[in-house]
Structures are given as C-alpha cells and as structure tokens.
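Student: Encoded as structure tokens, here's the structure I'll be asking about.
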Amino acid sequence: MATYSTLEEIKVDTQANPSSNNLIVLRSEQRDAIDQAKERFCKKTGRKGDYQYTVLPESRQFLWNAKMRFGKTVCAMQLMRELDVKRTLIITHRPVVGDSWLNAFRQVVGSKNSVPKVDGNSDIHHIYGFGTRSDNESEGNFYDLEKFVQDEGNHYAFFVSMQYMRLSELVNLKTQAKYKNQSGDNSGGATKIENEKLKADILNADWDLVIIDEAHEGTRTSLGKSVIDDFLKKDKTKMLYLSGTPFNLYEDFKEDEIYTWDYIAEQQAKKKWYEEHPNEKNPYEELPKMNIFTYDITKNINNVLDQTGIFTFPEFFRTWTGNPKADKAAMPAGSKGRFVHEADVLKFLNLLCTKDAENNFPFSTTEYRKMFRHTLWVVSHVNEAAALEQLLNEHPTFRHFNVVNVAGKNDTDEQSENALDKVLNAIGELPEKTCTISQCMQNKGK
C-alpha cells in the first residue's frame, strides 16, 4: 500500500500499476496524524521508515481529535499496517459502524487482503484477516483468526462493541452475580458459558493495538473504564482513541499525545490549496465552508458561578437531583430533574430570540429562524438534555419547534440505535423548525 505526497507520484504509480486496487491517497494532515501516533508508540531504529516497539508506559496512548470526514477509520487501518502489528482490536460504542471499518480495512489491504511489507520489501507479503463478534464466516471468527495469526506474516483486525465487552464478568459485577445465581439453571447453559468465554478471551488476548472509536462515548462510565483498564494491564498494548468531540477526554492526555484537526484547520487548508495549486483539483473542495460565530453572554448572565468563581456551562445547566450533597442546597418541591438555575437558563433562551443591534442572535429575526431551521444543541449529560427538552417545549418561541432528544433516557449511558432515524423523521423532506438535543460527555464516576 503506497502513500503519496504529490499528484505526480500518484500518476507515476498508476501508470506503472494500472490494475492495482491497493491505492490509498493520504492528505498531508492524515499523514501527520499517522506519523505522530507512530512517533508516540514507537522508537526509531535509525533506518528510514523502520520503527521498533517500545514498552515504556508513557508511550501507551494517543488521541486523534479529528473532525467528521477526516478519514479516521482509514488512517487507523493504515497505522495498523505501518506498525506491522499482529493483532488489532477495534472497539466502539456504536456497533452500527462495523461496515465502515470493514470498508476502511479493504481500502488499506486491498481485496486480496495481501500487501507488501511497509519497509519497501515487495517480496515479503503480509496477509490480513478481519472479523467481528457476529461474523459467522470462518475467516471472521475470533478463534479462527487466533489460529490464523500464529503463522508468520499473518495479521488480523477484530471489531466488537463496547456494550458487549462491558457485560463480561471480568469487569461487570452484575454479570458475575447473575452467573452465580443461575449456576443451577441449565437453560442455555452451554451458550452462556461459550459467550462469556468469548468475552474473556477477547479481553485477555495479546492485543498489539486497541482502537477506541468514538472514544467520547461509553468510556467514561465505570464499566467502560474497567474494559479499557483491562486492556491497559498488558504492557505492550497501544491504545489509539478516535473522536471528533473529545472534550471529556482531554484531561487524560498530555499535549504531545493529541493530534488535532478541526474545522478551522480544514478551511485554512482548503483556501491554501487554491492559492498554492490553482490548476489542480482541490482535495478539500467537497468539504463545506463553515461560518463560525461566538457570543459572549457573561455580561447578560453573570450570577451563575461554579465553586472556583467562574462561569461554566456544567454549572449553568446543572439539574436538581434530590441529593442535598450533590445539589449543594435544599431542593424546592417539585423541582427534581429541572435546572437549578432555571431562571437564568430561561433568560439565556430569551436572549437567543432577542433582536439586538450589536448581536445577531440566531433566533432573533424571522430571516435567521429560516436559516436555522434545524439546529443541534449539545449539553453535558442526559439529565441536562431532559431538562432542556422540557424547558424548550414550555418556551413561547421554541415550543413551536419539533424538539428531538437523542441523548438517552438515564444514567446508564445507553444510546438509542434509532437516534438518527428519530432526527431524520423529525426533519422530514421539508424541514421547518427542528431542534436536536444531544450530549457531549459523561460525568466521571457515572
């Protein structure tokens, strides 16, 4: 699998191999993301393109903070290949993206699952296998892949959901108790034992690289952390985290453990390409231009401060729980689940609809409301999402919008697989006014 830095290199290779299906073209920022991860995970041996694994604890993890459509899946598969790892596990809280990972895998290793060794020795080919927990084909079965990888030059990637792994009794006390209580129940006994054995064997496998897709989801719960901690027990396992919104992950990474590619960087690259390559096709051409506006609301809402004396949205959108310690005050009757600073949140919603000569608030005029017919509102927790949904439905302006809450229903971090369908059905073919509420992080310890 070749990567290229100029269009001329692509043309030369295509002319030399017109029937090749092993062509992947990396943009410069994708190349940078891969190289930075390699630099973090590996130690150079002195030969160009040749890396050697380290086992130092400080080189265990790396985060790709990259926007949607960056190509994180393809880049992760390319990293897998360039690291020359035997076993790669892909784990995600969104099991529906399995096909996307299989497509990325095929882009990198080709339809024959055979590619030359990365060091340039075209005489040495490596064979790759891919499977998922639910794959019934022989090459996709975990145990078949384990046998397959015993041969030198064989490698594989295995895809599994976080939901499945956190049910393992190795990390889940409830599952342990369930199996203990059912020890005398023979109904489905063999299947239960085999299923639990598979989870345990996946957790205990000698993984070289573990890729956490959509790492901001499902990893902050106690069970999610237990799954990740189980992988981290193995000294040589490298952890690659992928996310477009990793706001709840930053504190776990050092500055040199994060690669960032955001919308601003993308638009700058798009503009720069037109300037430096005026006669060539712009690889960023299909990526939409974004207009980003920020508003300073602290002068309008200045009495909501956290314990450190500063304004923060987690404090602003905090909800009553009924727990005096968590609430930091006695909860008013009938307020459980509603905002602690509800009067200020209402003031914020009113502000968004207020016409002001100095600020173009998004819902302040009929013209703007037509422009923002569908908007995404992101808060920090499912409780805040539920409270915001209720307040929007009660608001004199926003009650005329179709409000769709896709953040979930409770604190178990359960995501509805039909969330996208709910949003699309609400928007319809002729969208009028729609607000979608989601969450960007899970509180620690939940």
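The values are calculated or read from the model by the stated rules, or taken from the named source; none is laboratory data. Keep in mind that this is a model prediction, so the values were computed, not measured. Methodologically, a virtual Cβ is constructed for each residue, glycine included, from the backbone with ideal geometry; neighbour enumeration extends over all protein chains shown.
Student: Looking only at residues that are basic (Lys, Arg) and part of a helix (DSSP H, G or I) in region 311-351, which one is surrounded by the most Cβ atoms within 10 Å (Cβ to Cβ)? Reasoning before the result, please.
Tutor: Keep residues of region 311-351 that are basic (Lys, Arg), which gives 318, 325, 328, 336, 338, 347.
Subsequent filtering for residues that are part of a helix (DSSP H, G or I) retains 325, 347.
Numbers: LYS325: 6, LYS347: 15.
Here the answer is LYS347.
Student: Of the conditions (1) at pLDDT below 90; (2) over 19 Å from the mean Cα position of the chain (by Cα), PHE231 satisfies every one except a single condition; which number is it?
Tutor: Only one criterion in (1) at pLDDT below 90; (2) over 19 Å from the mean Cα position of the chain (by Cα) is unmet by PHE231, namely (2).
Student: Quick one: which of PHE130, PHE70 is assigned to a loop (DSSP other than H, G, I, E, B), buried (at least 20 other Cβ atoms within 10 Å of the Cβ) and either in the same structural domain as LEU209 (by the TED database) or at pLDDT below 90 (or both)?
Tutor: PHE70
Student: Any residue in region 261-283 that is of a type in the set (D, E, K, R), out of contact with any helix residue (DSSP H, G or I) (no Cβ under 9 Å at 6 or more places or on another chain) and surrounded by 16 or more Cβ atoms within 10 Å (Cβ to Cβ)? If you could, list the steps in order and put the result at the bottom.
Tutor: Just the residues of region 261-283 that are of a type in the set (D, E, K, R), to begin with: 262, 266, 270-272, 275-276, 280-281.
Then drop every residue that is not out of contact with any helix residue (DSSP H, G or I) (no Cβ under 9 Å at 6 or more places or on another chain), which leaves 262, 270-272, 275-276.
Then drop every residue that is not surrounded by 16 or more Cβ atoms within 10 Å (Cβ to Cβ), which leaves 270.
Yes: region 261-283 contains one or more residues that are of a type in the set (D, E, K, R), out of contact with any helix residue (DSSP H, G or I) (no Cβ under 9 Å at 6 or more places or on another chain) and surrounded by 16 or more Cβ atoms within 10 Å (Cβ to Cβ).
Student: Evaluate the following for ILE292: is it loosely packed, with under 10 Cβ neighbours inside 10 Å, under 18 Å from ALA66 (Cβ atoms) and touching a Phe, Trp or Tyr at 6+ places or on another chain (Cβ under 8 Å)?
Tutor: yes
Student: Within region 393-402, restricting attention to residues that are in a helix (DSSP H, G or I) and in contact with a strand residue (DSSP E or B) (Cβ under 8 Å, 6 or more places away or on another chain), which residue is farthest from SER335 (Cα to Cα)?
Tutor: Step one: list which residues in region 393-402 are in a helix (DSSP H, G or I), which gives 393-394, 398-400.
Next, from what is left, pick out any that are in contact with a strand residue (DSSP E or B) (Cβ under 8 Å, 6 or more places away or on another chain): 393, 398.
Details: ASN393: 17, PHE398: 21 Å.
Top of the filtered list is PHE398.
Student: Which of the following residues is at pLDDT 85 or above and within 19 Å of VAL378 (Cβ to Cβ): PHE339, PHE293?
Tutor: Only one candidate passes the filter, namely PHE339.
Student: Got at least one residue in region 365-376 being in contact with a helix residue (DSSP H, G or I) (Cβ under 6 Å, 6 or more places away or on another chain), over 30 Å from GLU217 (Cβ atoms) and not small (Gly, Ala, Ser)?
Tutor: No, the conditions are met nowhere in region 365-376.
Student: Quick check on my filter: what residues within region 203-253 are in contact with a Phe, Trp or Tyr (Cβ under 6 Å, 6 or more places away or on another chain) and hydroxyl-bearing (Ser, Thr, Tyr)?
Tutor: THR237
Student: Which one of ASN113, ASN103, ASN141 is modelled with pLDDT under 90, within 30 Å of THR221 (Cα to Cα) and surrounded by fewer than 20 Cβ atoms within 10 Å (Cβ to Cβ)?
Tutor: The unique qualifying residue is ASN141.
Student: Is there a residue being outside the structural domain of SER161 (by the TED database), free of Cβ contacts under 8 Å to residues at least 60 places away in the same chain and in a loop (DSSP other than H, G, I, E, B) anywhere in region 374-392?
Tutor: No: region 374-392 contains no residue that is outside the structural domain of SER161 (by the TED database), free of Cβ contacts under 8 Å to residues at least 60 places away in the same chain and in a loop (DSSP other than H, G, I, E, B).
Student: Next question, about the same structure. Which ones in region 271-297 are over 24 Å from the mean Cα position of the chain (by Cα), without any contact (Cβ under 8 Å) to a residue 24 or more places away in the chain and under 18 Å from GLU29 (Cβ atoms)?
Tutor: LYS271, LYS272, TRP273, TYR274, GLU275, GLU276, HIS277, LYS281, ASN282, GLU285
Conditions tested, residue by residue: (1) assigned by the TED database to the domain that holds ILE427; (2) among the small types (Gly, Ala, Ser); (3) out of contact with any strand residue (DSSP E or B) (no Cβ under 6 Å at 6 or more places or on another chain).
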| position | (1), (2), (3) |
| --- | --- |
| LEU305 | no, no, yes |
| TRP320 | yes, no, yes |
| SER335 | yes, yes, yes |
| LEU346 | yes, no, yes |
| LEU351 | yes, no, yes |
| GLU358 | yes, no, yes |
| THR365 | yes, no, yes |
| VAL404 | yes, no, no |
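Residues checked against (1) under 27 Å from the mean Cα position of the chain (by Cα); (2) surrounded by 13 or more Cβ atoms within 10 Å (Cβ to Cβ); (3) at pLDDT below 90; (4) not small (Gly, Ala, Ser):
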site	(1), (2), (3), (4)
LYS147	no, no, no, yes
GLU152	no, no, yes, yes
TYR156	yes, yes, no, yes
LEU173	yes, no, yes, yes
ALA205	yes, yes, no, no
ILE212	yes, yes, no, yes
HIS216	yes, yes, yes, yes
